[in-house]
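Throughout, read-outs are computed from the coordinates displayed, never taken from laboratory work. Keep in mind that this is a model prediction, so the values were computed, not measured. A quick note on method: Cβ atoms are made from the backbone with ideal geometry, for glycine too, and the neighbour counts reach across all protein chains shown.
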Ligand code: GLU
C-alpha cells in the first residue's frame, strides 16, 4: 500500500475508486501468481520518490494563481524513470502514483530499459491561454530541475500535453543547465531531436495489438466493427490507422458527446471536422448522435476506451457487447468490472500492453538522440511493430501456459522482470 503519509494528503471521498489501490491490487495478484518474496512486494508497492510542487502563475489578467504539480518516480531498477506529464482537472497525487507504477510494468513488459514515473498538474488546459500554459510548464519544469535529467527521469506527453509542452520543458531545462539537452524529454518536435512516428505511436501500437488479437480469433481487421471512446491524440490516431487498414470505425466520442454510423465513419474527414470544432465530433454529418455511455455498450467486435480511467465499471459492464476490449487509456476498466469481463470470456487487452506504443517510440527517440543518428518513419514503425508484436506473443504464451487472464499475464511478465532485477541488484546498503 501507498505510504500512509502520502494517502493522508488526499483523504478518499465515499464511493471513490482509488486508482492507487487498484494498481496495488493488480500488483498483489501478480505477486501471488509469481510467489514473490514479501520484501520485494513491499519495495514495489511504494513509489521511490514523490514530489509535489507549487506552481504560481500570473494569469493574462494579472491575477496570480497557485497550482499543484506532481512527479512520482515509482521504480528505477531497470533504467531511468520514464513517463508522461498529464494536464487534466481530475489529476490527483493518487492517480499520478498509480500511473507511475503502471509505467514501471509497461516498460519492463516491452523490454525497454526504463523505470516508471508520471507527472501531472490539476488544470483544464482549455481554460488557459497558450502564454499561460507556457508559463505553467516552464515553472513546473524549473521546480523539478533537480529531479529530472536525461539519465535520471525523462518526461513525455500524456493527456492534455503534446510536443509543444515538451519543447518548453526541453528549453527550460537546457537554459537552466547552460546547454541544449534534447534527451531530457521525448515526444518533442522533430526540429529539436524528436522522432518521426512518435505522434501516432500510441495509436499505432493499439492498432497492431488489435490486429494481432483479431488474427488470433481468425478475424481480419478488414470489416471489423470498432467503437472508440476518446478522439484525442491516441483515439484519433488509432481510428485513422484502423480505418486505413480496412476496419469500420462505427462510433467515436469525446467529452462533449459522440457519433455513430453503421457503415463506418470517414475518419480522415472526421479528423478535419474535429480540428475545426474545438476537438469535438458532435454535429458531424452522415452520423447519428450517441452519448459517451451508449458508445461503451454498442454491439461491436472491438471497443477501444481511449479516454479517462474507470469508464467500464460494475454499473455498465453487464451491458458491454464488444468481443474484445483494447485499453488504449490507462485503467479504463475497474478492478471489479475486469473480473466480470474475465468471467464472461470477453478478451481485455490490458493497458500496459495495448497503449505501450507511445513509450516504445519514446525509447526509440532516446536511442536515436544518444547515437546522433536519426531514422526515417518506416524504420521507426518497423521497430515499434517488432517490439509490440513480440510483447503481445509473450503475453498470449504466458496466459496459455499459466491459464491466467491477459492482464495477469502482462503483469506477471512486467512485475517478474522488475523483481528479478531487484533481487539480482540487491538492497543497498
Ligand atoms: N504518456 C505515455 C504513456 O502513458 C507515454 C510515456 C512516455 O513516452 O514516456 O505511456
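Computed from the Cα positions only, the extents of the stretch 298-337 along the three principal axes stand at 21, 20, 12 Å, in decreasing order.
Say we join alpha carbon atoms closer than 10 Å with springs in a Gaussian network model of the chain; which of 370, 102, 406 then has the biggest fluctuation? Maximum fluctuation in the GNM of the chain, among the listed residues, is at 370.
Footprinting exposure proxy ranking of 158, 294, 37, fewest other C-beta atoms within 10 angstrom first, gives 37, 294, 158. Each of 42, 21 was scored by other Cβ atoms within 10 Å of its Cβ. Listed from fewest to most, they are 42, 21.
Which values of log₁₀ I(q)/I(0), to two decimal places, follow from the Debye formula for the chain at q = 0.08, 0.09, 0.14 Å⁻¹ with a uniform point scatterer at every Cα? Summing over Cα pairs of the chain leads to -0.41, -0.53, -1.38. The convex hull drawn around the Cα atoms of the stretch 252-333, when projected onto a plane and averaged over every direction, covers 5.3 nm². Comparing 64, 395, 181, which has the greatest mean-square fluctuation in the GNM of the chain with Cα pairs linked when under 10 Å apart? In this elastic network of the chain, the residue with the biggest mean-square fluctuation among 64, 395, 181 is 64.
The DSSP beta bridges internal to the chain are antiparallel in roughly 50% of cases.
Take 188-199, 73-84 and order them by the average number of nearby Cβ atoms within 10 Å per residue, most first; the result is 73-84, 188-199. Highest-first packing order for the peptide set 130-142, 346-358 is 346-358, 130-142, based on the mean count of other beta carbon atoms within 10 Å. Could you tell me the relative contact order of the chain? Use alpha-carbon pairs under 8 Å, at least six residues apart, and round to a whole percent. Relative CO of the chain lands at 15 percent.
Normalised by the residues of the stretch 193-255, what does the relative contact order come to in percent, with Cα pairs under 8 Å and at least six apart? It rounds to 38 percent for the stretch 193-255. Secondary structure note: in the stretch 238-341, about 70% of the DSSP beta bridges are antiparallel. For the stretch 181-309, the alpha carbon positions stretch 48, 38, 27 Å along the principal axes, listed from largest to smallest. Taking other C-beta atoms within 10 angstrom as a stand-in for reagent exposure, 372, 428, 173 fall in the order 428, 372, 173, fewest first.
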